[in-house]
Amino acid sequence: MIAALPMYDWLEVRGATDALWQGIARHLAEAGLAAPPALDRRTPLWQVWQAPDLLLAQTCGWPLTMGEAGTAAVFARPILRGDGAPGTYRSALVMRADDRRSVAEAMGGGVAVNGFASLSGWITLQRHARRRGWAIGPIRLTGGHRASLSAVADGEADLAAVDATCWHIAEQAGLTRTLDVRAWTEPAPSPPWITAATTEPEVRALLATAIDATLQALPEVAERLGLRGALPATNADYDGLADWAGEGPAARAVSASGGDI
């Protein structure tokens, strides 16, 4: 079986990610379910999502909606730190701290985008701008939220949309000293935890319970990763995202190398 947690696997929190998995694996073992001894960090992201022997992984809501996660089944979504409703997340619209322009002006000047398959970095950004009649300026593709933050800090872009979990991790790593959050996008369903479509319902429920129990038992790990718990969920909780697409570059492309999306 495959277990992978690549969505927010930054080096600064890799120890916490491993601790989370070890706790989950212990809970599964206590319930009589064997689990991989370590997380898979080698298999490309899209292959993990579509693996027939997938036990646990996390995906972005947009590739799930667009079918890039194959037939993977959602069994839970994270309850994240912050003031949003449980099971949702938002993206921070980030600018340089010394940039006195409005968000609309900065967005028109140029944006850093981690990838066109990203709900948090691109789809919500388009939606936020479209609803306000704002233009989006030249796009700098970065390949990851961390790189998008660097692009804004270095003056290579004027604005980036970075989800709240990445912003939390970046703050802890000291990567946001010259940056400010100027606004937040509308809430979206948080990036779901998934398993293979053939995973039995009782195992899906056990996985959700194991994640939540581990987070409650390891508060320091939960805080490092910006997590509060796990909310049982299904694929149907993400059906409405299909209406979020707008004009612009195709949103179906998924990076085979993985990374935060």
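Where a number appears in this text, it was derived from the coordinates with a stated rule and is not lab data. In this text, all values refer to a predicted model and were calculated from it rather than measured experimentally. Reconstructed Cβ throughout: ideal geometry from the backbone, glycine too, with neighbour counts over all protein chains shown.
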Charge dipole of the chain about the Cα centre (unit charges at C-beta), most positive-ward option of 210, 17, 226 = 226
If you count, for each residue, the other Cβ atoms within 10 Å and average over each peptide, how do 27-36, 230-239 line up from highest to lowest?
-> 230-239, 27-36
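In deg cm²/dmol and to the nearest 500, what is the mean residue ellipticity at 222 nm of the chain if only DSSP H runs of at least 4 residues count, each as -39500 (n - 2.57), divided by the residue total?
-9500 deg cm²/dmol
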About the Cα centre of region 101-260, what is the dipole size in debye to 20, counting +1 per Lys and Arg Cβ and -1 per Asp and Glu Cβ, all else neutral?
-> 400 debye
With R₀ set to 41 angstrom, the calculated FRET efficiency between the beta-carbons of residue 31 and residue 102, to the nearest 0.05, is 0.20
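Under unit Cβ charges (Lys, Arg +1; Asp, Glu -1), what dipole magnitude, rounded to 20 debye, does region 1-87 have relative to its Cα centre?
Working: 6 positive and 8 negative charges, 8 e Å.
About 40 debye.
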Under 12 Å from the Cβ of residue 196, count the other residues' Cβ atoms, weight Lys and Arg +1, Asp and Glu -1, and hand me the total.
-> -1
Under 5 Å from the placed amide H of residue 230, counting only residues 5+ away or on other chains, we find 79, 212
Other-chain or far-sequence residues with amide H under 5 Å of residue 89's (modelled H) | 188, 190
Can you give the percent of C-alpha pairs in region 45-154 whose distance is more than 20 Å?
-> 50 percent
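Tally Lys/Arg at +1 and Asp/Glu at -1 over every other residue whose Cβ is under 12 Å from the Cβ of residue 206; what's the total? The partial results should precede the final answer.
On the way: positive: 204; negative: 30, 200, 202, 212.
The answer is -3.
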For the chain, just list the percent of Cα-Cα distances falling in each 10 Å bin from zero outward, please.
-> 7, 32, 36, 18, 5, 0
So how long is each side of region 112-251 along the principal axes, counting just the alpha-carbon atoms, biggest first, in Å?
-> 48, 35, 23
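Taking 1 over the mean of 1/r across every pair of different Cα atoms in region 147-207, what Kirkwood radius in Å do you get? All intermediate terms of the calculation are to be shown ahead of the outcome.
On the way: mean 1/r = 0.0694 Å⁻¹.
It is 14.4 Å.
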Given labels modelled 7 Å from the Cα in the Cβ direction, how far is it in nm from residue 177 to residue 85?
-> 3.9 nm
Positive end of the charge dipole of the chain (Lys, Arg +1 and Asp, Glu -1 on Cβ, about the Cα centre): tell me which of 184, 70, 8 has its Cα farthest that way.
-> 184
What's the extension gain from residue 1 to residue 42 if we count 0.36 nm per residue and subtract their Cα-Cα distance?
-> 13.4 nm
Applying the Karplus parametrisation 6.51 cos²θ - 1.76 cosθ + 1.60 with θ = phi - 60° to the phi angles of region 54-67, what ³J(HN,Hα) value in whole Hz is obtained for each residue in order, glycine and proline being reported as x?
-> 6, 8, 8, 7, 10, 10, 8, x, 6, x, 4, 5, 7, x
Among 117, 104, 57, whose mean-square fluctuation peaks in a Gaussian network model of the chain (Cα, cutoff 10 Å)?
-> 104
